[in-house]
Amino acid sequence: MTLTIYHNPACGTSRNTLQMMRQSGEDPEVIEYLQTPPTRAELVELIAAMAIAPRELLRQKGTPYAELGLDNPALSDEQLVDAMIAYPILINRPIVVSERGVALCRPSEKVLALLDNPVSSFTKEDGETVTAAGAPK
């Protein structure tokens, strides 16, 4: 299985996650999902693999979330998925797919549990250092 990251290079969390993967010796497939969005079927599969509800994958900050009224609890999962397909910026990131599982890696150190040989420690862009156990050092 190919290690894959659904990545937004403008996002610090996504950049940190990708860098942790690379420093762990991985060469992941990088999907810049704003340029190459997942299909509806792929998005539904990712959500199922993460065992989360579509609402948990919605990004609010810097998106049309409020304008679209996506905070309405009456909206169905299908409607929320449709919104993410229509506006990929609504998909929270980064999503990492590995043999060990699929996860929304927020915070970025969540990726370490998905890697075969995670880097023992990593210093994020903001200066925070994390260890393979995910605990701040």
Nitroxide proxy distance, nm - points 7 Å out along Cα→Cβ at residue 48 and residue 2
2.1
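Can you pull out the trypsin sites (Lys or Arg not before Pro) in the stretch 23-100 that DSSP calls coil and that have at most 14 other Cβ atoms within 10 Å?
Counting only loop positions with at most 14 other Cβ atoms within 10 Å, the trypsin sites (Lys or Arg not before Pro) in the stretch 23-100 are 61, 100.
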How large, in Å, is the stretch 5-137 by the Kirkwood hydrodynamic radius built from its alpha-carbon pairs?
15.3
Need one number: % antiparallel among DSSP beta bridges in the chain, to the nearest 5.
75
What FRET efficiency would be calculated for the residue pair residue 29, residue 113, taking the C-beta separation as r and a Förster radius of 25 Å, to the nearest 0.05?
0.85
Accessible area per residue in Å² at 1.4 Å probe, computed on the chain
52
Just the Cα atoms of the stretch 17-76: what Rg and Dmax do they give in Å?
14.7, 44
Electrostatic dipole magnitude of the chain [Cβ: Lys, Arg +1; Asp, Glu -1; Cα centre; debye, to 20]
340
Taking a crude spin-label model, label points 7 Å out from Cα along the C-beta direction, the residue 75 to residue 128 distance in nm is 2.7
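Calculate, in nm to one decimal, what residue 39 and residue 66 gain on full extension: separation in residues at 0.36 nm each, minus their alpha carbon distance. Provide the component values of the computation, followed by the final result.
Working: separation 27, 0.36 × 27 = 9.72 nm, distance 2.34 nm.
Answer, rounded to one decimal: 7.4 nm.
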Please name whichever of 34, 20, 92 sits farthest to the positive end of the charge dipole of the chain, dipole taken about the Cα centre and charges placed at Cβ: Lys and Arg +1, Asp and Glu -1.
20
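Calculated from DSSP H runs of 4 or more alone, at -39500 (n - 2.57) each and per residue, what is the 222 nm mean residue ellipticity of the chain, nearest 500?
Numbers: 4 runs with 37 residues, N = 137.
Computed ellipticity for the chain at 222 nm equals -7500 deg cm²/dmol.
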Once you charge only the Cβ atoms, +1 for Lys and Arg and -1 for Asp and Glu, what is the size of the charge dipole of the stretch 1-70 about its Cα centre, to the nearest 20 debye?
260
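The values are calculated or read from the model by the stated rules, or taken from the named source; none is laboratory data. This one's a predicted model, so the numbers in the text were calculated from it and none came from an experiment. Note that we place each Cβ from the backbone using ideal geometry, even for glycine, and neighbour counts take in every protein chain shown. The area values use the complete protein model at the heavy-atom level, side chains included, leaving out ligands, DNA and RNA. Shrake-Rupley method; radii C 1.70, N 1.55, O 1.52, S 1.80 Å.
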